[in-house]
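The values are calculated or read from the model by the stated rules, or taken from the named source; none is laboratory data. Keep in mind that this is a model prediction, so the values were computed, not measured. Methodologically, a virtual Cβ is constructed for each residue, glycine included, from the backbone with ideal geometry; neighbour enumeration extends over all protein chains shown. Only protein heavy atoms, including side chains, enter the accessible area calculation; ligands, DNA and RNA are left aside. Shrake-Rupley method; radii C 1.70, N 1.55, O 1.52, S 1.80 Å.
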Amino acid sequence: MERIASCSCGQLTARVVGEPVRVSICHCLACQRRTGGPFSAQARFPRADVAPAGESSQYVQAGDEGPGARFHFCPRCGATVYYEPLGLPDYVSIPVGAFADPRFPAPTVSVYEERMHAWVVPPAAAEHFR
């Protein structure tokens, strides 16, 4: 399986081969601010399976727990295409929306649910962490 994640203007992409090792949603306040939505949705892939292309700007965001992440976003349109979890050097995470694929696998993990908006309903089968 091959998928292409892209920014809004198409300048920055990430080609991935294989299925994600984890698809999660995060309700932390940093993710809410970064995405402009009530949560973020991301897929984690082995670094060896991800091939970025194009120019990116970077921003390091400290985490609520752990060392945080280095976000790579398009300097033209501003969309985040991938990020490197600093505590997981063998992996790259990609926002699910960057794939623009409604058939993308559902999240299996939901974290920071104590900050979840009351009207959000994560998949029932997902692991739930407060």
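Miscellaneous remarks
- Low-density loop positions, trypsin sites (Lys or Arg not before Pro), region 1-30 - DSSP coil, at most 16 other Cβ in 10 Å: none
- Carbon-plus-sulfur accessible fraction, region 1-118 (probe radius 1.4 Å, protein heavy atoms only): 51%.
- Ala51-Glu2 pseudo-label distance in nm [points 7 Å out on the Cα-to-Cβ vector]: 0.7 nm
- Here each label is just a point 7 Å from Cα along the line to Cβ, and for Val120 and Arg76 those points are 3.1 nm apart.
- Value at 222 nm in deg cm²/dmol, rounded to 500, when DSSP H runs of n ≥ 4 in the chain each add -39,500 (n - 2.57): -1500 deg cm²/dmol
- Between region 2-38 and region 63-101, the alpha-carbon center distance in angstrom: 7 Å
- Normalised by residue count, the chain yields a Cα convex hull volume of 106 Å³ per residue.
- Per residue, the chain exposes 55 Å² of solvent-accessible protein surface, assessed with a 1.4 angstrom probe and all protein chains in place.
- Taking the convex hull of Cα positions in region 65-130, its mean projected area over all directions (nm²): 6.1 nm²
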